[in-house]
Amino acid sequence: MPTSAVRDIVILGGGTAGWMAAAAFVRVLGEACRVHVVESELIGTVGVGEATVPHIKAFNNLLQIDEADFVRRTQGTFKLGIQFVDWLRVGETYIHGFGTEIGRNLGLLPFHQYWIKGHLKGRVQGIGAYSLNTLAAERGKFMVSASDVPPGSPLANIAYAYHFDAGLYARYLREYAGQRGARHTEGMVREVVLDPENGHVASLRMESGAEIQGDLFIDCSGFRGLLIGDAVGTPYEDFSHWLPCDRAFAVPCESTGPPTPYTRSTARAAGWQWRIPLQHRTGNGYVYCSRYVSDDEAAATLLANLDGDALGDPRPLRFTTGRRSACWNRNVVALGLASGFMEPLESTSIHLVQSGISKLLEMFPRDGFNPVLAQKYNARLAFEFDRIRDFLLLHYYATERGEPFWRECREMVITPELSEKIALFRDSGQFYRNAEEMFGDVSWIEVMLGQGVVPNGYHPLVDQVPEPDLYRFIEGVGKTISNCVEAMPMHQQFIDRFCKADR
Ligand SMILES: Cc1cc2nc3c(=O)[nH]c(=O)nc-3n(C[C@H](O)[C@H](O)[C@H](O)COP(=O)(O)OP(=O)(O)OC[C@H]3O[C@@H](n4cnc5c(N)ncnc54)[C@H](O)[C@@H]3O)c2cc1C
């Protein structure tokens, strides 16, 4: 790390965001900076956030975390994708399986182009039958990528993420950061002191009277955004006209069987319910729109739809989906809930924390705070938030459900970017990933199809393959995927063998 005007980094907040930032900074910046985390047990953390996306493996690699140890200590399980139940209509289920390829690409075209022709002619199975992740998830199988198979084998490149206990994850990172020199102060911030000359944050004045000074302040104070919002006055852009859910109840319950290797999201009358299987329990929550269901009804719906006995009372959470107009303002960078909130439908919040951290490290200031750095950082983060917003919006908008909440979603005016994506996909099954957007082709294709956005046509080159060869190719891919999944161990067996946690 080159020398920088930033020596003292103060992180306000000891939730998932704060400890992820602390762990990454001590690991990457080393002796170049001092890292100080300030948190208050009286305020506590939001304590949810237990499902992730495959990008988290890059974060763990950066920290050089041992995977088995990590899974064991966070009561973790593995996640091949998300199962969506009743989203298109009641009784309809599909899986958004992770990965970079469905089936096997042929020539210039991705597999799904050939599949569309077969589908339009009624000659092939659903797209999930050609996705290793989807099929393995359905059959409860899991393994990490195998090193002893030919490079082109679907088993050589298995994309997966984790489910984990949010409290244990924060504790794990806190220990990691502490062992590598991060300082930690427990106590409540009473006042944020600004430099009268430039409006930068100069220090945090604590209830105890202590004053904590820094060069760079990372706001991980949660929904309130004590530094980015209250102190330096960054507006919050509200997305709730697109994503109208604004509340949730969360409750863990007893596990009643082996953990599924996927998150489940079940659409309900005024929102959706998550189910996240861990080794020691199952996490559940109902995310809903308060204009369409009362809190009592939402809590009752959640409790009526658990696998096992609830392990406590449902905990209420309130939020406004959106983001800060700038996540980096003066010498404050907001991460986590302080920077914005995308509702947890595709488990993207922890990824956004990770993305903010890595972009900040890439763009770390050298000679003070040149606004050009912050402008670029803000543009990149805003782009990422907005494309995730569009992806979430697709799930709500492309539905045939008839309840008033879903009718409102179906009839909403969507963003021009999403409109264009849907139109292009409907025309000929095409999708083009935009620069740094998080979700790639496979995710968009699976969710489009799952939500009933079916292409009317396919790429003209598909017709160059004679039909009998086309069907033989598709069938062969299906058989290969099925045989690979057959060879995989059950998820529970894999955990028992490599990373079983203490009860
Ligand atoms: C319903 C719901 C479900 C979610 N599910 C997922 C999911 O499945 N996957 C996912 O990736 N994300 C999910 N998230 C998001 C995830 O929970 C958050 O991104 C993550 O927990 C980060 O939170 P945080 O650290 O920003 O804030 P918090 O956990 O709220 O932490 C805030 C910290 O700031 C400190 N603090 C605040 N004010 C002060 C003060 N005055 N003085 C001292 N300290 C202070 C607090 O003590 C605390 O340590 C979900 C969120 C919600 C609401």
Other-chain or far-sequence residues with amide H under 5 Å of Leu106's (modelled H)
Phe111
In degrees, nearest 10, range 0 to 90: what is the angle between the Cα axis of helix 295-304 and the longest Cα principal axis of the chain?
50
Enumerate by residue number the trypsin sites (Lys or Arg not before Pro) in segment 73-136 meeting two conditions: DSSP loop (anything except H, G, I, E, B), and at most 14 other Cβ atoms within 10 Å of the site's Cβ.
Arg89, Lys121, Arg123
Computed over segment 196-355, the Cα gyration tensor eigenvalues, each multiplied by 5 and square-rooted, give semi-axes in Å (largest first) of 35, 18, 14
Check which residues have an amide H placed less than 5 Å from Phe78's amide H, if you skip close sequence neighbours.
His163
Share of Cα-Cα pairs in segment 1-131 lying beyond 18 Å, as whole percent
72
Per-residue HN-Hα couplings for segment 341-347 [Karplus 6.51, -1.76, 1.60; θ = phi - 60°; Hz; x = Gly/Pro]:
9, 9, 4, x, 3, 10, 6
Computed helical MRE - 222 nm, the chain, DSSP H runs ≥ 4 contributing -39500 (n - 2.57), nearest 500:
-10500 deg cm²/dmol
Along segment 205-216, Karplus-curve 3J(HN,Hα) (6.51, -1.76, 1.60; θ = phi - 60°) to the nearest Hz, with x for Gly and Pro, reads 9, 8, 3, 5, x, 5, 10, 10, 9, x, 9, 10
Nearest 10 degrees is fine. How inclined is helix 441-450 to the longest principal axis of the chain, computing both from alpha carbons?
60
Taking a 31 Å limit on the Cα-Cα distance, which of the listed pairs Lys141/Lys359; Lys121/Lys479; Lys79/Lys479; Lys141/Lys421; Lys79/Lys421 fall beyond it?
Lys141/Lys359; Lys141/Lys421
For segment 244-254, 3J(HN,Hα) per residue [Karplus equation, 6.51 cos²θ - 1.76 cosθ + 1.60, θ = phi - 60°, Hz, x = Gly/Pro]:
x, 5, 9, 9, 8, 10, 10, 8, x, 9, 5
I'd like the antiparallel share, as a percent to the nearest 5, of DSSP beta bridges with both residues in the chain.
70
FRET efficiency for Asp66 and Lys121 from the Cβ-Cβ distance with R0 = 41 Å, rounded to 0.05, comes out at 0.25
With a 1.4 Å probe and all protein chains in place, put His119, His200, His491 in order of accessible area, largest first.
His119, His200, His491
Given axes a ≥ b ≥ c from the Cα gyration tensor, I'd like to know whether segment 159-223 is rounded (a/c under 1.5), prolate (a/b larger than b/c) or oblate.
prolate
Exposed GluC sites (Glu not before Pro) absent - longest run of the chain, DSSP non-H/G/I/E/B, at most 13 other C-beta within 10 Å
42-196
Once both labels are modelled 7 Å past Cα along the beta-carbon direction, what's the Thr320-Phe498 spacing in nm?
4.4
If you line up the long axis of helix 416-428 against the longest principal axis of the chain, both from Cα atoms, how many degrees apart are they, to the nearest 10?
20
Counting only protein heavy atoms, what percent of the accessible surface of the chain is carbon or sulfur at a 1.4 Å probe?
49
In segment 418-459, what trypsin sites (Lys or Arg not before Pro) fall in a loop by DSSP, with at most 14 other Cβ atoms inside 10 Å?
Arg433
Residue among Ala269, Ala300, Thr256 farthest towards the positive dipole end of segment 228-308, charges placed on Cβ:
Thr256
Assuming a ≥ b ≥ c are the square roots of the Cα gyration tensor eigenvalues, decide whether segment 371-503 counts as rounded (a/c under 1.5), prolate (otherwise, with a/b larger than b/c) or oblate.
oblate
For the chain, what percent of Cα pairs sit more than 42 Å apart?
19
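The values are calculated or read from the model by the stated rules, or taken from the named source; none is laboratory data. Being a predicted model, the structure only gives us computed values, none of them experimental. With ideal geometry, Cβ positions are generated from the backbone for all residues, glycine too; neighbour counts draw on all protein chains shown. Keep in mind that these areas ignore ligands, DNA and RNA; they rest on the heavy atoms of the full protein, side chains included. Shrake-Rupley method; radii C 1.70, N 1.55, O 1.52, S 1.80 Å.
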